[in-house]
Each structure stands twice: as C-alpha cells, then as structure tokens.
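Written out below as structure tokens is the structure these notes cover.
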Amino acid sequence: MRTTWCSASVLVSLTVLLWATPTAVSQPRIEEPKSRSQSQPVTFEADCRIVVEGSRATAYCHNPYPETDRVQLHVECERWWDVDADSAPVSIGPAGYAELAERCWKEIREVWVSHRPQ
C-alpha cells in the first residue's frame with residue numbers, strides 16, 4: 001500500500017492534534033467521610049437558634065434526642081471594658097425546650113452555645 005501526501009498529512013495532523021490535546025489534570029483528592037470509630041461516642045446535641053437584638057442575645061434550644069443535653073449560652077462583648085457573660089448551664093431532657101438569655105452593656109461581638117452530655 002502506497003502512502004500518498006494527502007494521507008500522510010492527515011496522519012501527521014492527527015498525531016500532532018492528539019499530542020497537543022491537554023490530558024486529564026489530576027484533581028485534588030476528595031476525602032471520604034470518616035466513619036465513627038468504636039471509641040468515639042455518638043453525641044446528641046440540642047438544636048439551638050440564636051437571636052441577637054441590640055445588646056441582648058437569646059438562645060432557643062430544643063432537644064429532639066432521647067439523651068439529656070446540658071447547654072450554656074456564651075456572650076462575648078465588643079468593648080474591652082464590658083464584661084463577657086455566660087448563662088447558667090441548663091439540662092434539657094428528651095423533647096425538652098429551654099430559653100437562655102444574656103446581655104452586654106453595649107455591642108455584642110460573638111455569641112455561641114456550648115453542649116455537654118449529661
């Protein structure tokens with residue numbers, strides 16, 4: 001079989017085209033979610049919604065789990081002279097509900113709820 005100039009140029013063009021085509025770029029490896037080991041207990045934390053109105057913060061917590069959860073509201077004030085506030089810890093039993101409220105004299109910088117199983 002004879003190779004003509006036309007078929008040779010097509011073969012060269014295909015070779016150059018395939019050679020110049022970018023290959024698949026390696027993507028960063030996506031971590032698989034790690035399953036809980038036998039040593040880590042399953043935590044049941046109450047669902048809390050935090051509302052900030054001016055210098056007052058309120059957390060509305062509901063515990064839909066069968067275990068008791070001990071929640072505490074923490075408020076960090078914006079001004080250096082304003083004292084940060086922590087509410088008293090409250091135990092919320094299964095299907096229980098609690099409201100926690102604290103305030104600053106002026107502005108609030110940060111608010112969060114901590115959970116501790118009982």
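Give me the number: length gained by fully extending residue 84 to residue 56, i.e. 0.36 nm times residue separation minus the C-alpha to C-alpha distance, one decimal in nm.
8.9 nm
Keeping all protein chains in the complex and leaving out DNA, RNA and ligands, what accessible area do you get for residue 83 with a 1.4 Å probe, in Å² to the nearest 10?
110 Å²
Going 7 Å from the Cα of residue 106 in the Cα-to-Cβ direction, what parts of the range 68-87 have a backbone nitrogen less than 14 Å from that spot?
Counting backbone N atoms under 14 Å from the label point, the list is 77-84.
Taking amide H atoms as placed 1.01 Å from N in the peptide plane, list the residues 5 or more away in sequence, or in a different chain, whose amide H sits under 5 Å from that of residue 84.
77
The values are calculated or read from the model by the stated rules, or taken from the named source; none is laboratory data. Not measured: the values here are computed from a predicted model. Glycine also receives a Cβ, built like all others from the backbone with ideal geometry; neighbour counts cover every protein chain displayed. To get the accessible areas, we keep the full protein, side chains included, count just its heavy atoms, and leave off ligands, DNA and RNA. Shrake-Rupley method; radii C 1.70, N 1.55, O 1.52, S 1.80 Å.
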